[in-house]
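These notes are about the structure you will find just below.
The values are calculated or read from the model by the stated rules, or taken from the named source; none is laboratory data. Computed from a predicted model, the values in this text were never measured in an experiment. Please note: Cβ atoms are built from the backbone with ideal geometry, for glycine as well, and neighbour counts cover all protein chains shown. Surface accessibility is based on the protein's heavy atoms, side chains included, excluding ligands, DNA and RNA. Shrake-Rupley method; radii C 1.70, N 1.55, O 1.52, S 1.80 Å.
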Amino acid sequence: MVRIPENSHISFDYIISENYSNGYRNSKKLWTNSYWVRTYIKLAENANIEESFLSRVSNHIGRYTNKTDKLIFQPLADIHLHSDYTPGLIDKNISSSKYVWIFTGLSLLILWMVILNFSILTTAISSEQAIQIGIQKINGAKRKHLIFQFIGNSLLQTFAAAFLALLLCWLLLPWFINIIGQNLSFHLSGKLILNLIVITVITALLASIYPSFYFSKLQPISIFQKRKSSSSKMSFFSFLIIIQFAIAIFSLAISAGIIKQLNYMQSKELGINHQNMIIVPTGLWYDSSAFKNELLQNPNIISVSASSYAPVNCGWETTYALNHQGLLDSVKASVFCVDQDFANNYGLELVQGKFLQMNYDDYWEEMRKSAKNEKNLTNESVIFPIVINQTAEKLFGFSDPIGQRIDDNIIVGVVKDFHFKPLHYPIGPLVLTNSPENIMTMNINIQANNFKETILFIKKIYQKHRDQRDFSYQFFDDILNREYQQEIRLKNITSLFSALTVLIALLGIFGISWFSICQRVKEIGIRKVNGAKTYEVIAMLNKDFLKWVAIAFVIACPIAWYAMHKWLENFAYKTELSWWIFALAGIIAMGIAMLTVSFQSWRAATRNPVESLRYE
């Protein structure tokens, strides 16, 4: 068999023929049981799926089911990043293209900040070496030669940085994989090397544009007479600092907003009791009652219930035919198989009627009727009891749902809405039903104390009933957190990017503050001689930088708010964009800028005025 890659959306432990499973062989004849499978169709080359074709197939299905569902055709290559349907239990590694764009955008912002820093530091350093440029011009150096000199130096440094980046990628890859929780591989292909060369050349050219054209146009006489156009340089530098700190504040605000949303999702009340709930896969089917009774002998076990799986992401969906006064309609709802103790174990609130009761004799009697109807085309009444949630009650449109029939089901109770899917999705219609063959999991509510002893007890009872299978368990909260892996991964990456943007902005403002202070050494000495206090000199030097960061804050906040607002649209339940998120980002950026500038300002302000006046 062909090996299925780990990152494929197709994931399985074993393959079984449809003819081997009686349950599937029977259910596949029912067009409504779409939650069992995904249907893959191989089309002819250059085939075109037209709307008329979809309508014909839908009408054909409707003749057998009285359903009005519309088919969705999804190209296989688009499933990973561009899924048109809600992922179910059988779908793995389903992501979204929006995260690719988010990470690409963050990477480009980091690269742009590095380019700005390179320009800043190159200009600052070259200003101290301007005499060398003047000598070259006197000796006949043309402007284009100087431009090529700057670009050549930039290319040399950028390619060296690219080589170092490749080495760091190789060394830090295991650490990065641990942070994002995603398997990655690093292989140098010809296409990757070509793309890296193109990016490196573009980066070098962008980084060297301003220094090369600025210094190549200077006249030798202005250089040797030390006529400094520091005002124009500082205007350029202030523009770069504003951009850098706007990016840093944006990244900090985004990171804080993502953390706030993730904390909101992980702490929001779901409408069920899931504290200290342990999920144990058993596959016991009809033996679940005996297993439950033995578990309840332990005083550390509060309650036990059986279900298809943990009520974290109920991905099974089916379509029900409704008949309202002769008008046919179809409604899609999630289906979840539970036992009679499920409501008590998870604390579900019963609004109307009663909850399900496990009665295998009644269940199989109804199954025999259903099989007889299908085989002999009879119309014997089949009744499977179900409990629905309040959303399903509204959707089905019954004024009094108790006793109403939906296909082969009769509604016996209504429970209060609870979250049975991640908070990306609103609470949808849910049908709780009783199907012994789908009871695969035990939900065990335990005391917080004596945890190890309780787990050993559960394992002992498990091995008594399932001696041929390994024992495993998970906490409900751990399963829930795995549903938010994309958000956790995004939080980790944005936090890392925020730290990088702050570090790069710090290096940029360090270089500019050093250049600015060097240009004003004589001024500082004169002010000190005339009685200026140290704190007055520090305030004078810090004033401009404070203004630049404040402007960056004003620019970054609305952009960050809009970006977070668009991202939060992906969630049915979301946190509020509090003002303190943006204020915190601004305070952090302002604090870092002031600490960096104040250190150099203090050194300049406490220098002996005699040394300062002797500087030039």
For Arg143, Arg56, write out the residues from largest to smallest accessible area, computed with a 1.4 angstrom probe and no ligands counted.
Arg56, Arg143
For the pairs Lys416/Lys460; Lys522/Lys547; Lys491/Lys547; Lys191/Lys574, flag any whose C-alpha to C-alpha distance is greater than 32 Å.
Lys416/Lys460; Lys191/Lys574
Any chance you could run the full-extension gain for Asp467 through Thr606? It's 0.36 nm times the residue separation minus the Cα-Cα distance, nm to one decimal.
42.2 nm
Lys, Arg +1 and Asp, Glu -1 on Cβ, resulting dipole of region 491-616 about Cα centre, debye, nearest 20:
300 debye
Where the accessible area of region 378-513 is counted over protein heavy atoms with a 1.4 Å probe, how much of it, in %, is carbon and sulfur?
52 percent
How far apart, in nm, are two points set 7 Å out from the Cα along the Cα-to-Cβ line at Trp579 and at Asp329?
4.6 nm
Give Lys292/Lys459; Lys421/Lys452; Lys421/Lys459 a once-over and call out the pairs whose C-alpha atoms are over 18 Å from each other.
Lys421/Lys452; Lys421/Lys459
For Ala560, what charge total do you get from the other residues with a beta carbon under 14 Å from its beta carbon, if Lys and Arg give +1 and Asp and Glu give -1?
+2
At R0 = 25 Å, how high is the FRET efficiency between Lys522 and Ile138 if r is their beta carbon distance? Nearest 0.05 is fine.
0.40
Using only C-alpha positions, report the orientation-averaged shadow area of the convex hull of region 482-530, nm², one decimal.
4.4 nm²
Just report the Cα centroid separation between region 166-207 and region 499-577, whole Å.
30 Å
Suppose R0 equals 25 Å. What FRET efficiency, 1/(1 + (r/R0)^6) with r the Cβ-Cβ distance, do Tyr99 and Leu172 give to the nearest 0.05?
0.75
How much length is gained if the chain between Val554 and Leu270 is pulled fully straight, taking 0.36 nm per residue apart and subtracting their Cα-Cα distance, in nm to one decimal?
98.5 nm
Between Ala161 and Gln340, Cβ-based FRET efficiency (R0 60 Å, step 0.05) works out to 0.35
Using a 1.4 Å probe and counting only protein heavy atoms, arrange Val554, Val201 so the residue with the most accessible area comes first.
Val554, Val201
With the cut-off at 15 Å, report for region 520-616 the share of all Cα pairs above it, as a whole percent.
68 percent
Residue-level accessible surface for Asp287, protein heavy atoms, 1.4 Å, Å²
90 Å²
Extension length gain for Glu437 and Arg482 (0.36 nm per residue less Cα distance), in nm, is 13.5 nm
Enclosed volume per residue, in Å³, of the convex hull spanned by Cα atoms of region 396-451:
168 Å³
